[in-house]
Amino acid sequence: MTGSEVNASLFFFVDDTLRWDRPSLGRFVVSRSAVLEGWSVAAVSVADGEKPHDVRTAAEGLPALILGHESSWADADRASIESSRPVVAPREAHDPTRSLRAKALACTAPVHDLQRNRGLRQWDAFDLYDLALVAIDLVVDKMAVASGIGTEELVSELARRAREQVDETARDKAREVAVGVVEALVRQSEIEYTAEAADVRRQMRFALLTEHESEDGSSVYLRATNEAINVLIGALNVDIESAQVAAEAQIEHLLNRQRLAEATVPAMHARMRSIQYIDEVRRVIAETKRDVRRWDEDERESVRRRLEEIREHLQSRIDTEYKIVGSIQEKRDFAEREDLRAHAAQLVETLNDCFNRHRDLHRYVLDAADTYVRERNRQTNRLASIDGVDLTDDLLLPALAASIERVEPVLVSFAEPLLGMGPGSSLRAWPWRQPSFGDFLCDLLRDAQTHDELGEPIEDPEFAEVATDPLAFDEATIALVARILGEVDAPRRISDLLRELHESGFAAEDLLRIQALLATAPELSPAAPGDRLLVAAADGVTFEDGAFAGDDLLVAAATKIVEQQPGSLAVTGMPQLRRPVGKMVLFDV
Amino acid sequence: MSDMATAVGQLIGFSLQPKLAAARNEEYRELVARYRNDSEFQDAVVGTLSGMGLEVLTSHPLQGLVLAASAHGSPFRFRLGDFSANMKTEDRHRYALVFLAIAAASYPRAEALDDENGPLQQVSVSEVVRLLNQLAARVAEDRAAEHDDDPLKDKPLSRRLYQAVQSWPDTTQTKDDRHNSRLKSGMVSRALRWLAENGCADEVDTHARLYRMRGRFRVLVKDATAAIMDDLGAASIGEALAMVRSMAEKESESAGLAKG
């Protein structure tokens, strides 16, 4: 089970003891600290009918982690099971994913609390698991490189979904519930865990959703953390790039076998991964901005290579997605089955979503790489040299140990800048809402010169040759028919007009027929006031004339534009389309 | 030249306005662009500001200019006395300490302080109080272990800071005392409210006294750290922190150093 999917149906935590229940040969309760230390948990199976509360009563009122997942035991493990020692695989030497896995498990605790405690807040009617997942979904959907959904928007949307969940009686609580869910997801919690072999207990702050300042500093928007997204797709695998490549390979494989319905699943995974990748890239770039001064040449080189890798990975994703979408569209054009078409359309939409995100990221990376190069040449700046400072260990602790009279001036030096500024003691001179300092360090260190906002040109993927439809009629025919129709003023029968074109051949007659038919729906043609508009209508008279037969349309030119009467064109039963003309045209025929 | 002077004045005027972001105002945006691209204009702006006792912390095409009061002698600079009208001299260290504690609770590790696009940190009054108490207890333990307990002297200011923290009452049960500065929680609460009023924080939950710290606060904390460096006359932040650490030495040692 190490590193692979934890298919946990329930998350609970017990106290620090390790319990193992032999008789069922499969129920395995793992302590929270054990999980957080990243112990590989041996596979367990929960027998049918076993209820979680059995475990809970054995534990101490705190919930316990049960892995309800069937797996096979290695034979060696079976031997040690028989000897009734708890079977836990040896701790891995250095598992870089340990803290991430710990976080992923612990992160869901607030959601479980919500669901468990809903009775206390009279929210029984609502499904809080569902709402929490919906909330994360909404945040993830809107998450872009530097923007996302605002808190109020999220609460409103969530309240709407909450109302849909319940009947009339509970609806007025919907907004309260929505606010509660969002607060629980945003609230930062702390967990302690033991890191690696050093036995150092570390504290970690985490949340499922985080708040960030918008680019112009005026508002706050939400992002979902990696852990939140992992909760959504239920995987703890953290190598995003490999996951993306794998997902796309899966999609192609399934497409080749026309298994479009199945392909939507890896497509959605790919979309989640593309969203996660945004944060991965942001993180790398934030690190480059932060540490670049203290690096030696090797470190700089490795960062440049990493940025280049990211850029190449993004380019490759863009190319692959484009290719897949292209092949789906080819198939779509020929697909006979309604269901295949529907799946294909959904696939295309999902992949386009990935494509757009990757393209935005690609631009962002190019710009960042650019910044990085410039940053190496910048001058040192006062604030930029303040990094790596641990306020607790480096400042607060020593200050507490010093005598008051010695340390007071230092404390005052620190506190006064935090008070902000204003003339005298007037608070209002300072902007109430401060712009964020998102690019603060970067800007300070950047030379004040014209900044090419566009970055390097992006190589467009190669497009296939666009096939142009050949003209159905030749130029002479078109000109001839135009002339005939141009001379129409008072209403004339189409049979009449066709007769005029007898000598000119079938093509000309056909074109006239088509133009006249078009004229029966004049609202389909764009027109400006003052334009001459061709209109035609049937009045019940029919005709037969060699090659053509049918309604003997009355064709005329509409020259008088009168005031619109709503619904007047509804009589013709034609769809209403928007036109540049401000008014609808009533025909005087 | 007077056109440039007017432009300088306009830009400064915009920058001082509450709630104004360059993204929303074309004139402001143009002036900021000129500031960023025209070094002569930039020099004029910086020079004027410096004369007024202000400095530019950042310039950003969408956000505009963000200003702060220069170090000392600036008419714009707030003093601790502005924060608390009836502050007694012997209480100064408490007021100042509270701000450091809030900063440490908001950015406990260096990564959080250095992360400019990172998540906004949340901090509550009770968290800050807890942090102060925990750290004070830790220092007390360490020093007791080294048999380093300084006897309480008559002069309260030669006590160690952690002792002051430990003898400072946390809170009372009455609601009225929420902002009573004789209590730790009261003073922390007042400080957080001040920060919220100055755009450094948003109140997230009034009942829980929970605040969300904005990007501005992060940068001011960096500025504050740099201010320590300047005031101690250190050449680098490392040197400044070393000097602070040396203040924590045993009195006999540090007394020797001080006299030296």
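If you run the Gaussian network model on chain B, springs between alpha carbon atoms under 10 Å, then out of B:171, B:89, B:225 the most flexible one is B:89.
For chain B, what does the helix formula give at 222 nm: sum of -39500 (n - 2.57) over DSSP H segments with n ≥ 4, over the residue count, nearest 500 deg cm²/dmol?
The per-residue figure over chain B is -17000 deg cm²/dmol.
Scaled against the 2.2 N^0.38 Å expected of a compact globular protein of N residues, the Cα radius of gyration of region B:25-132 reads 1.41. Neighbour counts of other Cβ atoms within 10 Å put B:194, A:123, B:168 in the fewest-to-most order B:168, B:194, A:123.
Working note: Debye formula, equal point scatterers on the alpha-carbon atoms of region B:97-137, no solvent; log10 I(q)/I(0) at q = 0.23, 0.27, 0.30 Å⁻¹ is -0.75, -0.93, -1.05. Pairs of alpha carbons in chain B separated by more than 24 Å make up 59% of all such pairs.
A cut-off of 5 Å between modelled amide H atoms, ignoring neighbours fewer than 5 places along the same chain, links residue B:204 with B:210, B:211, B:212.
As a proxy for reagent exposure, A:474, A:298, A:360 were ordered by neighbouring Cβ count within 10 angstrom, fewest first; the result is A:298, A:474, A:360.
Computed from the C-beta positions of residue B:133 and residue B:79 and an R0 of 30 Å, the FRET efficiency is 0.60 to the nearest 0.05. If neighbour count is taken as other Cβ atoms inside 10 Å, put B:27, A:252, B:127 in order from fewest to most. Lowest count first: B:27, A:252, B:127.
Quote the relative contact order of chain B in percent (integer), defining contacts as alpha-carbon pairs under 8 Å separated by 6+ residues. The value is 12 percent.
A short reminder: the numbers here are calculations on the coordinates, not readings from a lab. Just so it is clear, the structure is predicted and the values come from calculations on it, not from any experiment. Neighbour counts run over all protein chains shown; Cβ positions are idealised from the backbone, glycine included.
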